[in-house]
Structure formats: C-alpha cells, structure tokens
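None of the figures in this text is laboratory data; all of them are computed from the coordinates on show. For clarity, every value in this text was computed on a predicted model and none was experimentally measured. Ideal geometry is used to build each Cβ from the backbone, glycine not excepted, and the neighbour counts take in all protein chains shown.
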Amino acid sequence: MSQATTHLSRNGLFITFEGLDGSGKTTQLRLLGDALRAAGHRVVTLRQPGGTPLGDRIRSILLDSHSETDLGAIAPEAEMALMFADRAQSLRQVILPALAEGSIVLCDRYTDSSEAYQGAGRGLGTDRILTLHRAICNNFQPELTVLLLPPLEVSLRRARGRNQRTARQTGADENRFEREDDGFYTRVHEQYCEIARRDSARVAVFAGDSSIATIQQLILSLVQQRLAAAGLTPAQ
Ligand code: ADP
Ligand code: TYD
C-alpha cells in the first residue's frame with residue numbers, strides 16, 4: 001500500500017468503534033449506520049477481524065474456541081500478525097475504496113484493539129503494535145474513534161450473556177477470547193484508558209452504564225458535528 005494511496009483517498013470519513021467485548025460497540029455502530037443512511041449518507045460498515053473473504057477465514061481461526069484443538073496453541077505473535085493481515089486486506093479491499101468514493105466508513109474495531117488485546121492483554125507491548133501499524137497500515141488512523149467504556153464487570157456480563165444466547169440460537173462459537181481471565185480484561189480496559197489519554201483528539205470516550213438510547217444520541221450529535229466540520233453533506 002503506497003503512502004499516496006492511503007492519504008489521497010480520504011474524501012469520506014473513517015470512524016472506528018472500540019471497547020471491551022460487551023461494551024455495546026456493535027449495537028451503537030448499527031444504530032449510527034441506520035441514522036446516517038436515513039439522513040441520506042452513503043455508509044459502509046464492517047468489523048475486524050472479518051469484513052472480507054480472507055478476513056472471514058482469519059476471523060474463524062482467531063475466534064473459534066475449537067481452533068486450538070485443531071491447530072495447537074496459537075502463539076501471541078501469530079495472533080498479532082493475523083490481526084494485521086486481516087486489517088491490511090480490509091484496508092485495501094473495503095476501507096480505502098469506500099473512503100475514496102466519499103462514503104462514511106464505520107468499522108467495529110481497528111488497531112486500538114490490537115494495542116489493547118495483543119499489546120496489553122497478551123503482554124506484547126504497545127511499541128510492537130504501533131511499529132506494525134506503521135509498516136502494514138501506513139499509520140492510517142480514523143478521524144474519530146468512539147470508545148465505549150462501561151465498567152469492566154458490566155461489559156463482561158453482557159458479552160457472556162450474549163454469547164450464550166448466540167450459541168444456543170445458531171450454534172456459532174466465537175468464544176476464544178471470552179475464556180480469558182479477569183486479569184487479561186483488566187489490562188485491556190486500562191490500555192483503552194491510556195489510548196484515550198494519549199490520543200484525545202481522535203478518541204471520544206463514552207464511560208458509565210447509560211442506556212442504549214442515551215449513548216446513541218450522544219454519538220449521533222458528535223458525528224453530526226464532525227460531518228459538518230468536514231463539509232460532508234448527504235449524497236443526492
Ligand atoms: P459489543 O459489540 O461491544 O461486544 P454488543 O453491542 O453486542 O457489544 O452488546 C452486547 C450485549 O449488551 C447485547 O445483548 C446488547 O443488547 C447489550 N447492550 C449494549 N449496550 C447496552 C447498554 N447501553 N445497556 C444495556 N445493554 C446493552
Ligand atoms: P468481536 O465479535 O468483534 O467482539 P465483541 O465481542 O466485542 O463483539 O470479536 C473480536 C474479538 O477479537 C474480540 O474479543 C477482540 C479480539 N481482537 C483482538 O484481540 N485484536 C484485534 O486487533 C481485533 C481487531 C480483535
């Protein structure tokens with residue numbers, strides 16, 4: 001990916017959603033996408049890992065809790081590299097083309113997740129993640145990151161409840177990360193707080209245990225301000 005490709009292509013707006021499993025990212029991303037589409041904007045949504053055919057394969061390796069029975073223990077460095085392989089593919093195949101045509105791209109997780117989960121959770125360190133981000137993603141960052149930070153125990157309770165319901169209803173198993181202990185998730189939570197302090201211009205934090213509707217309104221008004229500032233009006 002050349003430097004020129006990543007920087008000339010930003011006609012749209014790139015927004016990422018971050019937070020622990022169960023923090024409400026997927027819910028809020030969907031609501032924001034619906035509201036922006038209803039207002040006439042072109043919106044592309046995706047998640048990481050996933051969002052491309054290659055990414056979907058990587059996702060099933062990384063998230064299925066049976067993977068390690070088939071493949072053996074996944075080395076933390078291999079997990080980190082697979083997250084970036086997925087990201088490189090979705091940048092080239094989905095994110096950059098969508099931004100080039102002026103769409104708003106809403107992405108459920110991006111490099112902050114690697115910093116929080118692999119960097120802090122697995123203990124690989126922030127420097128390695130940011131070095132890979134420069135090498136593989138040309139340091140391409142969103143204009144805005146919505147960071148949902150309810151109390152740690154609230155996120156974990158919601159994620160575990162949702163995963164049990166999904167497993168009962170569909171048989172899907174994406175629980176490899178949810179088996180981690182509370183120490184792992186405490187490190188992830190603390191790293192998200194650190195990212196928010198460090199990158200305060202990019203990262204907007206929504207803390208506390210507010211209702212879905214309250215958070216939805218706060219996110220929508222922030223995004224409307226950013227769209228106005230960027231001069232992004234709905235497509236005709
Ligand atoms: P994530 O994508 O961050 O893992 P989800 O959006 O899938 O989180 O939400 C996990 C569960 O918590 C879902 O069942 C969702 O309905 C519920 N949920 C999300 N946000 C809230 C909220 N603010 N208050 C109560 N429940 C919520
Ligand atoms: P996802 O379904 O997006 O999470 P959620 O439960 O919040 O809806 O699952 C993605 C999992 O992958 C999640 O546990 C976080 C993890 N992950 C990383 O460890 N590193 C990364 O770089 C990314 C993108 C995700």
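Structure notes:
- Normalised by 2.2 N^0.38 Å, where N is the number of residues, the alpha-carbon radius of gyration of the chain equals 0.98.
- Value of relative contact order over the chain, rounded to a whole percent, pairs C-alpha under 8 Å and six or more apart: 33
- Spin-label zone in the stretch 119-150 - amide nitrogen under 18 Å from a point set 7 Å from the Cα of residue 160 along the C-beta vector: 150
- Mean Kyte hydropathy of 0.5 or more with a Cα span along the axis of at least 20 Å, helices from DSSP in the chain: 212-230
- Potential lengthening between residue 135 and residue 197 on full extension [0.36 nm per residue; Cα-Cα distance subtracted]: 19.9 nm
- Highest-MSF residue in the chain out of 204, 196, 135 [GNM, Cα springs under 10 Å]: 135
- Extension gain, residue 220 back to residue 71 (0.36 nm per residue minus Cα-Cα distance, nm): 49.4 nm
- Cβ-based exposure ranking for 193, 107, in which fewest neighbours within 10 Å come first: 193, 107
- The chain, helix-only ellipticity at 222 nm - DSSP H runs n ≥ 4, -39,500 (n - 2.57), divided by all residues, nearest 500: -16500 deg cm²/dmol
- For 87, 197, 109, order by how many other beta-carbon atoms lie within 10 Å, fewest first: 197, 109, 87
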